[in-house]
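Report on the structure given below.
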Amino acid sequence: MATQNLLFMKTGDNLKIAIYPGSFDPCTNGHLDVITRSAKIFDKLIVAVLTNVNKQPAFTAEERIDLLTRTAKKLKNVEIKNFSGLLADFARENNAEVIIKGLRAVSDFEYEFQMALTNNKLNPEVETLFMTTSTDNMYLSSSIVKEIAMYGGSLDGMVPKEIQADIYDKLRR
Ligand code: PNS
């Protein structure tokens, strides 16, 4: 390899690492859109799947990680990990400088703003960046996907085809 190329190679120490946290119960096209766009900006993107949610998730942590792994498999700089506890600590442990949050509507903002300030207070090394969702996915949420699947409605355009059967199997009454 030419010397000038070696000079520009990034080492583990100066990789720009971002975290995209969430419950992903289950992941939707909206999540996948944010993952794909963030992976283009950062050297490494860690999708952090929360395991200790207060409300009972429909999918276990292992299932949510499996669905994400299958949908994001083409993105080589994306790693799916589970986490519990504080996101600010998880960011520190993973040398992440950025937390990515997707914003669908102004109504998302107030709570997200509070979380961003809290995370920065707990870990001043971490910044939160907000990414607007694409217009196609503005209405989408995991809750809406679960409700549609429960009644056997079409999930086309809402979740990737390769995981639709898993969602119906879990939720259809
Ligand atoms: O997909 P969700 O459920 O909206 O994701 C929420 C999540 C996981 C980002 C949030 O609940 C979180 O960061 N939980 C970790 C606990 C934490 O760090 N709380 C303090 C920050 S306010």
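Key figures for this structure:
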{"item": "Considering residues of segment 20-55 that are touching a residue at least 40 places away in the same chain (Cβ under 8 Å) and of a type in the set (Asp, Glu) only, the residue nearest to residue 74 (Cα to Cα)", "result": "33"}
{"item": "Count of residues meeting criterion [among the hydrophobic types (A, V, I, L, M, F, W, C), closer than 20 Å to residue 37 by Cβ and open to solvent by 50 Å² or more (accessible area, probe 1.4 Å)] in segment 95-117", "result": "1"}
{"item": "Residue within segment 58-71 that is within 22 Å of residue 121 (Cβ to Cβ) and among the small types (Gly, Ala, Ser) present", "result": "no"}
{"item": "Unique residue being surrounded by 12 or more Cβ atoms within 10 Å (Cβ to Cβ), among the hydroxyl-bearing types (Ser, Thr, Tyr) and closer than 24 Å to residue 52 by Cα when the list is 128, 133", "result": "128"}
{"item": "Number of positions in segment 38-53 that are surrounded by fewer than 16 Cβ atoms within 10 Å (Cβ to Cβ) and either of a type outside the set (Asp, Glu) or part of a helix (DSSP H, G or I) (or both)", "result": "4"}
{"item": "Residue within segment 112-124 that is over 17 Å from the mean Cα position of the chain (by Cα) and acidic (Asp, Glu) present", "result": "no"}
{"item": "Lone unmet requirement of (1) at pLDDT 95 or above; (2) open to solvent by 10 Å² or more (accessible area, probe 1.4 Å); (3) in a loop (DSSP other than H, G, I, E, B) for residue 21", "result": "(3)"}
{"item": "Scan of segment 122-163 for residues that are touching a residue at least 12 places away in the same chain (Cβ under 8 Å) and more than 20 Å from residue 102 (Cβ to Cβ), ordered by number", "result": "122, 123, 125, 149, 150, 151, 152, 162"}
{"item": "Candidates 70, 92, filtered to the one that is open to solvent by 40 Å² or more (accessible area, probe 1.4 Å), in contact (Cβ under 8 Å) with a residue 60 or more places away in the chain and of a type outside the set (A, V, I, L, M, F, W, C)", "result": "70"}
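The values are calculated or read from the model by the stated rules, or taken from the named source; none is laboratory data. Since the structure is predicted, the reported quantities are computational estimates derived from the model, not experimental observations. Note that each Cβ is placed from the backbone with ideal geometry, even for glycine, and that neighbours are counted across all protein chains shown. For accessibility, only protein heavy atoms count, side chains too; no ligands or nucleic acids. Shrake-Rupley method; radii C 1.70, N 1.55, O 1.52, S 1.80 Å.
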